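Novice: Dropping the structure in here first, questions after.
The values are calculated or read from the model by the stated rules, or taken from the named source; none is laboratory data. Computed from a prediction, not measured in an experiment: that's the story for all the values here. Ideal geometry is used to build each Cβ from the backbone, glycine not excepted, and the neighbour counts take in all protein chains shown.
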Amino acid sequence: MEESKPSPFPPSASLSTLGEWLDLPTTTTTTTTINSSSSSSSSNLLLLQSLDPQQYVHDFWKNRTRPDGRLFSQSRPCKVVTGMLRPHSAGSALVTTTTTSTINTTSTTTTTKVLAATTLHIGQPSPDRPDRGDIVVHVTGSGGHNIGTDFLGNKQQQQNWDVLQAWLQRTLEEEEEQQVEEDGNGGCAIPSRLKLWTGKAALRLVVTVHILEDGGNIEDAALLACMAAWKDTTPLPQLGKDLVPVPERGGALFWKNHEAYLEKRATATITTEDCNNNNNDNNDRPPRAFRVSLTMGVWRDPQDQTTHLLVDPSLHEKQFVDGTLTMVVDTSSGRLQPQYTGKVPLTANDLALAAKLSQARADELAAILLS
Amino acid sequence: MAGSNSNTNKRTLRPDGRPSQGNTLRPLACELSCTHRADGSALWKAGLTHVLAAVYGPIAPLVIAKENPNLGMVSVVIKMADQGQQQQSNNQTLEYGQFLHDVLTACIDVAKFPRCVMEVVLQVIQSDGSMLACLLHAAVAALMDAGIDLLYMPVATTCLVVLPSSLDGTKKKKSRILLDPTSAEEFEDDDCSSVVVLVNEKNHPGAILGSHTFGGGVPLEDLLACVQVASKACHAIPAFFRLAMEQKVTRESQTLWSR
């Protein structure tokens, strides 16, 4: 081989040099036999992960585990921080889910981080819904990916965000409708929380969702962030208490004492909740309905044709599942909204198992949302 | 008297004249190859809900970077008839489009069409309930007309689940499930009803391949009851597809060979 022409291949065809060529962590040849076998097996694992990621993931699933060490029915640890944008927004919440997978000494952390903030606008209600307010959702963010000049990638991501926006908007609107309906027992209808003055004034809740990092399962994190931000949006201004109509100005609404209202909002504290710890300290408040979702990947084992549900799939796992099932649960009534598309048919047993997992997740998150 | 007759009718018939038991589909009609520019087209009618579908492809994508070297891609475009409520229809169109894209990608043999795009354009001509199911059936009929290989034939069933409510004083303890609801039925009991759309196929009638839910949600037992209803309804639609295809083939043979 001529020295003037650099070869694309390393001079010796050993695994360690192939790992260097592929920019993988290398092993030293002076280690003991046991260490070298384990370190070489971890190099093989890394090689498999980069050359055939589907087989890499399927090898874990066949052993009924996942690359990050979770069980099939286990969600990633999640943390919710509310009120960090006060007083600039009416309510806010930051949801973070993190998972770490370790091969030998190499650790890979994937994080999903979603920030939701709410603002309130006062306006005129629609003529066909004079006693209801309005909810508008905007989804933005790059998801932690540097799209740059990749126009097609940017367009695809915007399309995904648009679908997520439509789903969040519909879910929040249905939750608000359900709230009005459920409180109307006994013939005495309790008005919508966004109503101010029938036919004349109502609140528009604008929810802005910013995807800071996309590590998989954006839907669950975004809905949880919206619900936590909505719950953090207190107190809502009320007619007669915070707002008064001024007849001289054509019945327009004016703040009674705007500084006092802002101070009331600013004095609420920032809270951090860990989704895996059930805090049932405050059970005195009446339960309010929230909606939480649980996304599961569906995978069919090709050997025995059994169907498995992978709770909270990561971004890496989502590429190789055979279907995606998202179950939205109402925390008060337990009603389900299943959304499924995939190649694997789901039987009644699979649906019942998914419902059970979703209910358990809803119970876990309800402790945070209702506290 | 007319008043008592109308009350009796309310108990025995649904608003569009179907029996109140709720397990009857609306009359179906399908016309294949109704547009000549597209590779495949179908006009699907279910009662007063009319959808026109056109399929273009498999063709090479306009942007080469959009090619997938291993699999074909499916693109779904939906145009709604209702232009009044723009924002609501935009959101609905996005969700429907994503759902149909996922279902059609799973049922089309995309491995046979690498580097190709199959564009499905759906125009809603008239809307009277069960829109998502009609969109899917129209798309499948147009794909069959275009001669695109399908791994299975998806069938969508719309179930309106009316939950028991104590607002009006009556004690309805069991939910009612109405098959293939009209628009009036979907919005009638807005507060205590949910619409569940289930997709399955004839070979696995008891299992679902897709699901989409609107409204407040349903209890688990009602969801499983909807799966049972869908499993019984999924035999009727493929038979109707076969009938429509046979009529088209017969019509074309008479046209081609007539002197």
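Novice: In segment B:29-63, which residue that is of a type in the set (S, T, N, Q) and in contact (Cβ under 8 Å) with a residue 24 or more places away in the chain is farthest from B:Ile148 (Cα to Cα)?
Specialist: For segment B:29-63, the residue satisfying everything is B:Thr49.
Novice: Restricting attention to segment A:206-217, which residues are surrounded by 24 or more Cβ atoms within 10 Å (Cβ to Cβ) and not in a loop (DSSP other than H, G, I, E, B)?
Specialist: A:Val207, A:Val209, A:Ile211
Novice: Six or more apart or on different chains, Cβ atoms under 9 Å: show the pairs whose first residue is in segment B:94-120 and facing chain A (nearest Cβ under 9 Å) and whose second is of a type in the set (Phe, Trp, Tyr) and crowded, with 20+ Cβ neighbours inside 10 Å.
Specialist: B:Leu94/A:Trp167; B:Glu95/A:Trp167; B:Gln98/A:Trp167
Novice: Return a yes/no flag: does segment B:142-150 have any residue that is touching a Leu at 6+ places or on another chain (Cβ under 8 Å), over 19 Å from B:Thr213 (Cβ atoms) and free of Cβ contacts under 8 Å to residues at least 60 places away in the same chain.
Specialist: Among the residues of segment B:142-150, at least one is touching a Leu at 6+ places or on another chain (Cβ under 8 Å), over 19 Å from B:Thr213 (Cβ atoms) and free of Cβ contacts under 8 Å to residues at least 60 places away in the same chain, which makes the answer yes.
Novice: If a residue must be over 15 Å from the mean Cα position of the chain (by Cα) and within 8 Å of chain A (Cβ to nearest Cβ), how many such residues does segment B:195-232 contain?
Specialist: Of the residues in that region, 12 qualify.
Novice: Here is a further query. Provide a single number: the residues in segment B:219-259 that are outside any helix (DSSP H, G or I) and out of contact with any Pro (no Cβ under 9 Å at 6 or more places or on another chain).
Specialist: Number of matching residues: 3.
Novice: Return yes when A:Gln169 is at pLDDT 85 or above and within 9 Å of chain B (Cβ to nearest Cβ) and no when it is not.
Specialist: yes
Novice: Among the listed residues A:Gly91, A:Gly83, A:Gly69, which satisfies the condition of being at pLDDT 65 or above, surrounded by 13 or more Cβ atoms within 10 Å (Cβ to Cβ) and at positive phi?
Specialist: A:Gly83
Novice: Let me ask something else. Quick one: which residue in A:Lys356, A:Lys343 is in a strand (DSSP E or B), over 18 Å from the mean Cα position of the chain (by Cα) and either at pLDDT 90 or above or more than 20 Å from B:His212 (Cα to Cα) (or both)? Show your work before the answer.
Specialist: Numbers: A:Lys356 fails: in a strand (DSSP E or B).
Only one candidate qualifies: A:Lys343.
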